[in-house]
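The values are calculated or read from the model by the stated rules, or taken from the named source; none is laboratory data. These numbers were taken from a predicted model, which means no experiment stands behind them. Ideal geometry is used to build each Cβ from the backbone, glycine not excepted, and the neighbour counts take in all protein chains shown.
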């Protein structure tokens, strides 16, 4: 097998601008565990991670992306975002805070069989 680091995705808290925690440089899962948060249902592998590390949090899970964003626009709920979503500029009037837990950063790797290395070498550069 041939493999190499590809990129990573990082999870962040997205807080309303009136939240008391916005002055902290970074937050941990523990800092917000036990609060009520808004969670978009289709966040993939992140859902299992946040449920595991925030067992006392009450998550209001929204299935519809449009409705999720409307709820964020008109509420003071904390939610999650990732660096990939931040780049899209979807969330407005929110303060983004780093999560200090190592589980909030996920590296991705690409790999292929050694015999296919030449075919995919452009990916490994």
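Residue by residue, here is whether (1) under 16 Å from the mean Cα position of the chain (by Cα); (2) modelled with pLDDT under 90; (3) part of a loop (DSSP other than H, G, I, E, B); (4) surrounded by 12 or more Cβ atoms within 10 Å (Cβ to Cβ) holds:
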position	(1), (2), (3), (4)
67	no, no, no, no
79	yes, no, no, yes
86	yes, yes, no, yes
97	yes, no, no, yes
103	yes, no, no, yes
110	no, yes, no, yes
119	no, yes, no, no
122	no, yes, no, no
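A Cβ distance below 8 Å, combined with a sequence gap of six or more or placement on separate chains, defines the contacts here; from the range 103-122, residues that are free of Cβ contacts under 8 Å to residues at least 60 places away in the same chain and on the phi < 0 side of the Ramachandran plot reach no residue that is assigned to a helix (DSSP H, G or I) and surrounded by 13 or more Cβ atoms within 10 Å (Cβ to Cβ).
Regarding residue 49, is this residue surrounded by 15 or more Cβ atoms within 10 Å (Cβ to Cβ), within 30 Å of residue 124 (Cα to Cα) and touching a helix residue (DSSP H, G or I) at 6+ places or on another chain (Cβ under 9 Å)? Yes, satisfied. For the range 1-58, which residues satisfy the criterion of being in a loop (DSSP other than H, G, I, E, B) and touching a residue at least 60 places away in the same chain (Cβ under 8 Å)? Hits for the range 1-58 are 1, 17, 19, 24, 25, 28.
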